[in-house]
Amino acid sequence: METERITQLLQAHASGDRNALNRLMPLVYDEMQRLAHRRLQAERPGHTFCTTELVHEAYLKLLDFNRINWNNRTHFYAIASQIMRNILVDYAVKQQAQKRGGKRKRVTLGESDAATDTNLHDILSIHQALQKLEKVDERQVRIVECRFFGGLNIKETAASLGVSEPTVYRDWKMARAWLNRELSEPEKSHSHGT
């Protein structure tokens, strides 16, 4: 019943009801908190960006999405995950600009639904690699966003993107291999003194 209500509110928002997201937020807030918490749980203690701030900032950005044709709640969470990714990348860029430096380290994407041991510097590295991958295969990037940044499982990702579960599994595997290779290259070039 709640899933139906979420879909109805998303469709109302897509039809121009600006207050639909305000009615939607109490229904999706806990899940958005879970998504945000998953993204931030491995950050150092005392980190200046907290779960609630990430959720609220994502919500404010969602308010600006006037004419999205929302398919269902899974699609909503996929978009929310993509927005959270962008917020964290922007934050990482600002933090890096303030520190001006720091050594790069190898980041790998594992089999798990979402990384829980990734810091903001790693997110920036992954974002840069995703920008390169997007030129090769945009669907693989959407799958990485859903799984890595959003914590969606294979079934939820397939429903969100409107593709089959085997397609998600295959593309997730290929994207991880491509990204892991791409993310290991800075480490190679740093070890040779370049």
How many residues of the stretch 171-194 are surrounded by 15 or more Cβ atoms within 10 Å (Cβ to Cβ), modelled with pLDDT of 80 or more and not aliphatic (A, V, I, L, M)? The answer is 6
Give just the number: which of (1) surrounded by 13 or more Cβ atoms within 10 Å (Cβ to Cβ); (2) farther than 28 Å from K173 by Cα; (3) at pLDDT 80 or above does F65 not satisfy? (3)
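The values are calculated or read from the model by the stated rules, or taken from the named source; none is laboratory data. Keep in mind that this is a model prediction, so the values were computed, not measured. No Cβ is skipped: glycine too gets one built from the backbone with ideal geometry, and neighbour counts run over all protein chains shown.
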